[in-house]
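Chemist: Could you have a look at this structure, given as structure tokens, before my questions?
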Amino acid sequence: MAAVGSTADEAAPGETPGAASRRPSRRRDRALAPGVPRNIGWLYVLPGLLFYGLFTLAPMIHTVYYSLFSWDGLTGKTWVGIANYSEAIRDHDLIWSFIHSGVLIVFYAVIPVVLGLLLTAALTRFVVRGFRFFRTALFLPQLIAGVVVAQAWTWIYADDGPLNEFLRLVGLDSWVRPWLGDFTWALPSLGVIGTWVTYGLCMVLFISGVQKIPATLYEAARVDGAGPLREFFIVTLPGLRGEILVALVLTTINALRSFDIVYNTTAGGPGGTTLVPSMYMYQNAFLYNRVGYAAAVATILAVVIFVLAGLVLRVGDRSEAA
Amino acid sequence: MTAGRLERIGSYGVLAAFAFLAIYPILSILFLALHTKTDLVTGFAFPLHPDLSSFKAAWTEGHFATGFKSSFIVAATVTAVSAVLSIGTGYAFGTMRFFGDSILFPIFLLGIIFPYEATVIPLYYDFQDVPLLHINLLNTYWALILPQIGQSVAFGTFWMRAFFRSVPPSLVEAARIDGASSFGVLWRVLVPQARPAVMTLSVLVFVYTWNEFLLALVLVSGSESHQTAPLGLSFFAGAARAGDPTKVAAAAVLVAMPIVFVYLFLQRHFVRGMLAGALKE
Amino acid sequence: MGEIRLDAATKVYANGVRAVDSVELTIADGEFMVLVGPSGCGKSTLLRMIAGLEHVTEGRILIGDTDVTSMQPRLRDIAMVFQDYALYPQMTVRENLGFALKLRRVPKQQREARVVEVAKILGLDETLLDRKPGLLSGGQRQRVAMGRAVVRQPAAFLMDEPLSNLDAKLRAQTRGEIKRLQRTVNTTTVYVTHDQVEAMTMGDRIAVMSDGRIEQVGAPDTVYSRPANTFVAAFIGSPAMALVEMSRAEGDTFARGGLRFPLGDIAASLPEEIVVGVRPELCRLWADGADLVGPFDGTIDYVESLGRETFIGVTVEGDAGFVIEAEGSLRATIGETVSFGVARRGIHLFDGGTRAAIATL
């Protein structure tokens, strides 16, 4: 770039001296003021980029690379091209694991967002005093390590744990069951854990978000004759668009990465009813010694996460422009 | 804004209920942990005679002294290094324009939603025999520290860039006119102002790193002295639960405690982090 | 040493907008030059080009004898006062003032002495020196911003609307102080404002800008009494000059609808379409015997009574607007008709097509 600059500064033969600087600059960089840090930006970015590239990006590419082989982790690799992937799309276990994830997404994302919106709607009509106190409690689940969450809820769901005791107390003895060991109920039980983990975040996000909506909008709606329901759809919901989007992205990703909780509660059982893709990947890589296949599963999972996140954001952008 | 008295009470009631439910699970294992091994514990298990023996047992048998030490070393290192690196990258993306920046930044953003599931397999094999260096990093602190710095820098870049963009450009211009170099502007003018943002970033990274499980499970399971607290808990629970649920509950409470304390004291940083992130999205 | 020269300076944005269009301007050493114009006219952009905060697309900028066009701001020996002051929030006033000197490795004692000296010049009390900007009033912050520029003893001061964040009274007071300060240190100053009162009262010369070009440069009274075109004529002076388009009628008279305006001998050399410019002080209520063109009958649109004088906005023949200046407080009702005349001397004539000035009667 320096070379281009210097030739541009000299007058071409035949031009009067000084004409060079009056010619339009031919620099292709984006017309930055003199002395504005230009490519020195790279110097600041490099260290961070190094770690990120070496330990996050490169391994991702490496995973894709492994997925093209059949490998047990010990002996040599055998090239199989996309055979792992064609097996994957026919693999019932894998397909079911994604379906299970889908169910979890409903519990982790959809239900909490709806709960959050309902609660927010109920609270917009007046200022909540002492909210900071509630907020402290509501946020807590997000910060507890997955392993600890697993222990706590294993206890709650235990045969002699609080949930069953509560059911017995209110006379619903027929509902008592070994929740996390039940073929039908294990997955929903995990789902409820997920709802517990994320609903507080949604509530806090929305309630704070609502406080940023100008009170005048509500007043205008009220003067126009809108009742509480209309108010919600006309003022609250649009005003929370950003927050809802973020909540959906965060909670969906939470759902897809629920390895910690699954591993420490049901480990995919009973009978594979709570198998999720991350668990399946772990099993293939470190228990069944099918490293190549596990890599393929990991790649598919990563792609699904990226696509989902992208979709949610795209939908958000478009509805904003609409 | 007139809402009926009943409506108010009802709403507060609902809010309180949800808040209670949010902390109940932790409460329930706390109660469980306050019993001794021999109590027949069922259901709500309110401890009438609180007893700390389970905690003592859990601490020693679960080797949590080592676990906490490992967790702390890893989390502190990752936090410190990521913070420094993110200030640099955030500064670059937030105040400068350079070749390729519009492609590079979205690449960093990707790292925020990156699952460790996608990278854990190669990390396991590559750490066993590091290319070029031919050393074994498996079952060392490095195995946990390096990848987590990588991912934390992705979020940190996003976070610090947002901060740097919120600074009035005239401040940077004034410093440039006064004669500061790009580093001078960063160090003398911007960093002093960045303390709240860096605090929040550090707090979030620390908690996230402390709680990380999958990486620890795959990369340091082989060495007990390097196991992080959550990993230790997982092994301990697997082994001891059938025999002594109170001990396991105590262990779980122990592992959660540090973060809960940090949270209670530094609340506003957490909340600011979670909420502000929403706006910048 | 502090002379600033703009040689065909141009700035074109990526989308093709010419923010500054081939500007030629020479500012003498020690001169107080005001760049004035409406929003978007390019005055701030031009100032930032001189500072080195904007890339110059074409042309040159010279400070002293040096071509600084591609030079970094810190090498240009200029100091800038920003509209939002841009004081470093976590530094004390003392540190803010001394920052540039510190960067240039001026020894601490010298630095301290200079800071105290400048604080005195600007009327900043010693107790303020150890406070942070957040604890100062708007006016105090403005002084610190100026102080930061003065401390450096640069070849030129560049000021970007430094008074616009102050309330009206403070603004008027500070105007005078800035002017006095500039006289004391005798540094070339380029001052940007959209307020023509500031321009008229502060500038040695003013440059009126519009759409990236300089419409006219000159001393304030020259620009006032001999505007180069209708834009300058309308922009300078308050209330604004009345501009009425007229076409040649019969003899020496130009007309607009039913409004007939005799212009005397000069009418012969005028083009077919002209614009007649009349300042309020030339429009007087009709009095027989006074040397006035008229009488004209105007319908009153508004009345502004300012105590010492009253301005009456009228419309003649439906669409020609004039503003009459009357002495003292006058009561008049909107909608009423009033008779007025225009003093012949001082009427401005502009070409109807090019809008350039032709003559002043």
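Read the figures in this text as sums done on the coordinates, not as results from a lab. Keep in mind that this is a model prediction, so the values were computed, not measured. Note that each Cβ is placed from the backbone with ideal geometry, even for glycine, and that neighbours are counted across all protein chains shown.
Chemist: Report the Cα-based extents of region C:143-204 along its three principal axes, largest first, to the nearest Å.
Modeler: Projected onto the principal axes, the Cα atoms of region C:143-204 cover 29, 24, 18 Å.
Chemist: For chain A, find the longest principal axis of its Cα atoms and tell me its angle to the long axis of helix A:146-156, 0 to 90°, nearest 10.
Modeler: That works out to roughly 20 degrees.
Chemist: Rounded to whole Å, give me the distance from the Cα center of region B:62-103 to that of region B:13-32.
Modeler: After rounding, the separation between the Cα centres reads 33 Å.
Chemist: Sorting check: for C:304-315, C:324-335, B:205-216, which peptide has the highest mean count of neighbouring beta carbons within 10 Å, and how do the rest follow?
Modeler: B:205-216, C:304-315, C:324-335
Chemist: Right, here's the next one. May I ask you to derive the FRET efficiency for C:Arg105 and C:Gln72 from their Cβ-Cβ distance with R0 = 25 Å, giving the value to the nearest 0.05?
Modeler: 0.90
Chemist: Here is a further query. Taking the Cα atoms only, what angle lies between the long axis of helix A:111-123 and the longest principal axis of chain A, rounded to 10 degrees?
Modeler: That works out to roughly 90 degrees.
Chemist: When Cβ neighbours within 10 Å are restricted to other protein chains, what is their mean count per residue of peptide A:131-138?
Modeler: That average works out to 5.
Chemist: Determine the alpha carbon to alpha carbon distance for each of A:Lys212/C:Lys169; C:Lys132/C:Lys169; A:Lys212/B:Lys69; C:Lys120/C:Lys169; C:Lys11/C:Lys102 and list only those over 32 Å.
Modeler: Over 32 Å apart, Cα to Cα: A:Lys212/C:Lys169; A:Lys212/B:Lys69; C:Lys11/C:Lys102.
Chemist: For a label point 7 angstrom out from the Cα of A:Leu32 toward its Cβ, which stretches of region A:41-60 have the backbone nitrogen within less than 15 Å?
Modeler: A:41-46
Chemist: A follow-up question, please. Run the dipole for the protein assembly as shown about the Cα centre, Lys and Arg Cβ at +1, Asp and Glu Cβ at -1, nothing else charged, and hand back the magnitude in debye, nearest 20.
Modeler: Charge dipole, the protein assembly as shown, about its Cα centre: 2160 debye, nearest 20.
Chemist: Hey, got the dipole for region C:113-246? About the Cα centre, +1 on K and R Cβ, -1 on D and E Cβ, debye to the nearest 20?
Modeler: Its charge dipole is roughly 520 debye.
Chemist: Right, next: Toward the positive end of the charge dipole of the protein assembly as shown, about the Cα centre and with charges on Cβ (Lys, Arg +1; Asp, Glu -1), which of C:Ala219, A:Thr198, A:Leu74 goes farthest?
Modeler: Farthest along the dipole direction, towards plus: A:Leu74.
Chemist: In chain B, which helices (entire DSSP H runs) extend 27 Å or more along their own long axis, judged by Cα positions, while averaging at least 0.0 on the Kyte-Doolittle scale?
Modeler: B:5-33, B:64-95, B:141-165, B:245-265
Chemist: Return the distance in nm (one decimal) between the two label points of a simple spin-label model at C:Gln153 and A:Ile40, each offset 7 Å from Cα along Cα→Cβ.
Modeler: It is 2.7 nm.
Chemist: Roughly how crowded by other chains is peptide C:83-95, in terms of the mean Cβ count from those chains within 10 Å of each of its Cβ atoms?
Modeler: Taking the mean over all residues of the peptide, I get 4.
Chemist: Give the separation of the Cα centroids, region C:158-227 to region B:200-223, in Å.
Modeler: Cα centres, region C:158-227 to region B:200-223: 61 Å.
Chemist: First measure r as the distance between the Cβ atoms of C:Ala268 and C:Asp301, then evaluate 1/(1 + (r/R0)^6) with R0 = 51 Å and state the FRET efficiency to the nearest 0.05.
Modeler: Using R0 = 51 Å, I get an efficiency of 0.90.
Chemist: Here's something else I'd like to know. Taking the DSSP beta bridges in the protein assembly as shown as the whole, what percent of them are antiparallel, to the nearest 5?
Modeler: Of the beta bridges lying entirely in the protein assembly as shown, close to 80 percent run antiparallel.
Chemist: Quick one: if the Förster radius is 41 Å, what FRET efficiency do B:Asp101 and C:Ser137 give, using the C-beta to C-beta distance and rounding to 0.05?
Modeler: 0.55
Chemist: Here is a further query. Mind checking the mean number of beta-carbon atoms from other chains within 10 Å of the Cβ atoms in C:70-80?
Modeler: 5
Chemist: Just to be sure I understand the model, the point goes 7 Å from the Cα along the line to the Cβ. What's the resulting C:Ala113 to C:Thr337 distance in nm?
Modeler: 7.8 nm
Chemist: Where does helix A:241-256 land angle-wise versus the long Cα axis of chain A, in degrees 0 to 90, nearest 10?
Modeler: 70 degrees
Chemist: Hey, another quick one. Specify, per residue and in Å³, the volume enclosed by the convex hull of the alpha carbon atoms belonging to chain A.
Modeler: 268 Å³
Chemist: What is the Cα centroid distance between region A:171-202 and region A:222-299, reported in whole angstrom?
Modeler: Rounded to whole Å, the Cα centres lie 16 Å apart.
Chemist: Any number yet on Rg/Rh for the protein assembly as shown, C-alpha, Kirkwood?
Modeler: 1.10
Chemist: What is the distance, in nm, between label points placed 7 Å from the Cα along the Cα-to-Cβ direction at B:Ala80 and at A:Val304?
Modeler: 4.0 nm
Chemist: Multiplying the sequence separation of A:Arg90 and A:Leu311 by 0.36 nm and subtracting their Cα-Cα distance, what value in nm do you get?
Modeler: So the chain would gain 77.1 nm between A:Arg90 and A:Leu311.
Chemist: Inverting the mean 1/r over all pairs of different Cα atoms, compute the Kirkwood radius of region C:4-229 and quote it in Å.
Modeler: This gives a value of 18.1 Å.
Chemist: What three numbers, in Å, describe the spread of the alpha carbons of region B:83-234 along their principal axes, ordered from the longest?
Modeler: So the three principal-axis extents are 57, 32, 25 Å.
Chemist: Tell me which of B:Thr77, B:Tyr116, C:Gly37 sits at the most positive position along the dipole axis of the protein assembly as shown, charges placed on C-beta atoms (Lys, Arg +1; Asp, Glu -1).
Modeler: About the Cα centre, the residue reaching furthest to the positive side is B:Thr77.
Chemist: Placing unit charges on C-beta atoms (Lys and Arg positive, Asp and Glu negative, everything else neutral), compute the dipole magnitude of region A:85-321 about its Cα centre in debye, rounded to 20.
Modeler: So the dipole magnitude of region A:85-321 works out to roughly 640 debye.
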